[in-house]
Amino acid sequence: MNTKTQRRIFKPLVFVASLGPLAWIVWAIYSDSVFGTHILGVDPIMNINRELGDWALIFIVITLALRPAAELTKFREFTAYRRMMGLYAFFYAVTHVATYVMIDLEGIYSLSRAGSLFVDDIIKRKFITVGIIALILLIPLAITSTKGMVKRLGGRAWQRLHWLVYPISLLVVFHFYMMIRADFSRPIIYGAIIVALLAYRYWVKWQRDNKRKARASAAKTA
């Protein structure tokens with residue numbers, strides 16, 4: 001099976017599968033409302049919001065992991081899904097914030113009041129401040145994710161901009177850590193994975209720089 005055929009088959013499947021978390025939340029809301037189940041627990045609004053935030057972080061981690069996975073397994077096709085995973089991370093992050101504003105702060109009844117409360121929360125609640133900073137930093141990455149933007153910016157400028165995903169991911173982990181009051185194991189695990197992926201990227205870059213210097217040195221002495 002050639003590369004084009006693989007992408008034609010698997011990209012739509014990955015796209016649909018990535019909507020799975022949202023579909024599960026919609027089903028849980030429907031089931032709890034219609035059938036009286038308690039899938040979302042005693043505080044469904046909080047659980048919906050946290051579930052969406054969790055998936056935003058998970059997709060960020062997946063995005064970061066795809067290039068190392070491609071390099072270590074020699075299966076370069078993994079990199080073809082980075083843009084999709086990055087955009088899904090942005091999608092779930094926006095949905096996470098939108099749910100908080102529209103449902104938790106009752107924006108569906110009064111958007112202006114909810115907006116005012118949201119601004120107050122950003123100022124007063126530090127974990128929300130950190131989360132919003134991370135979301136704002138994600139915006140230019142989402143906007144420049146297209147092939148056309150890569151050409152306009154140039155490869156090097158685009159790569160430098162998209163290195164922002166590492167500090168963004170750490171901000172999201174910090175937001176998660178600050179938000180919870182007990183059992184910090186999950187943000188710690190996510191943070192450790194991100195640090196390991198960042199260390200791997202620096203190691204690869206260090207190796208490439210050393211090889212480039214060695215070639216330049218050999219060319220001078222030849």
Among the residues of the stretch 51-90, count how many are within 10 Å of the chain's Cα centre (by Cα), of a type in the set (Val, Ile, Thr) and over 13 Å from VAL165 (Cβ atoms). 1
Any residue at all in the stretch 96-116 that's modelled with pLDDT of 95 or more and under 18 Å from LEU170 (Cβ atoms)? yes
Contact list, first residue from the stretch 98-110 and more than 11 Å from ILE48 (Cβ to Cβ), second anywhere and small (Gly, Ala, Ser) and in a loop (DSSP other than H, G, I, E, B), beta-carbon distance below 8 Å, six or more apart or interchain, is VAL101/GLY107
Does VAL165 satisfy the criteria of being among the aliphatic types (A, V, I, L, M), closer than 23 Å to LEU198 by Cα and touching a residue at least 40 places away in the same chain (Cβ under 8 Å)? yes
Some residue of the stretch 180-202 being touching a Gly at 6+ places or on another chain (Cβ under 9 Å) and surrounded by 12 or more Cβ atoms within 10 Å (Cβ to Cβ): no
Can you confirm whether ALA69 is among the aliphatic types (A, V, I, L, M) and surrounded by fewer than 22 Cβ atoms within 10 Å (Cβ to Cβ)? yes
Sort out which residues of the stretch 28-45 are in contact (Cβ under 8 Å) with a residue 12 or more places away in the chain and loosely packed, with under 15 Cβ neighbours inside 10 Å, and write them in order of number. ILE29, ILE45
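The values are calculated or read from the model by the stated rules, or taken from the named source; none is laboratory data. Just so we're clear, the structure is a prediction, and the values are computed from it rather than from any experiment. As a convention, Cβ positions derive from the backbone with ideal geometry for all residues, glycine included, and neighbour counts pool all protein chains shown.
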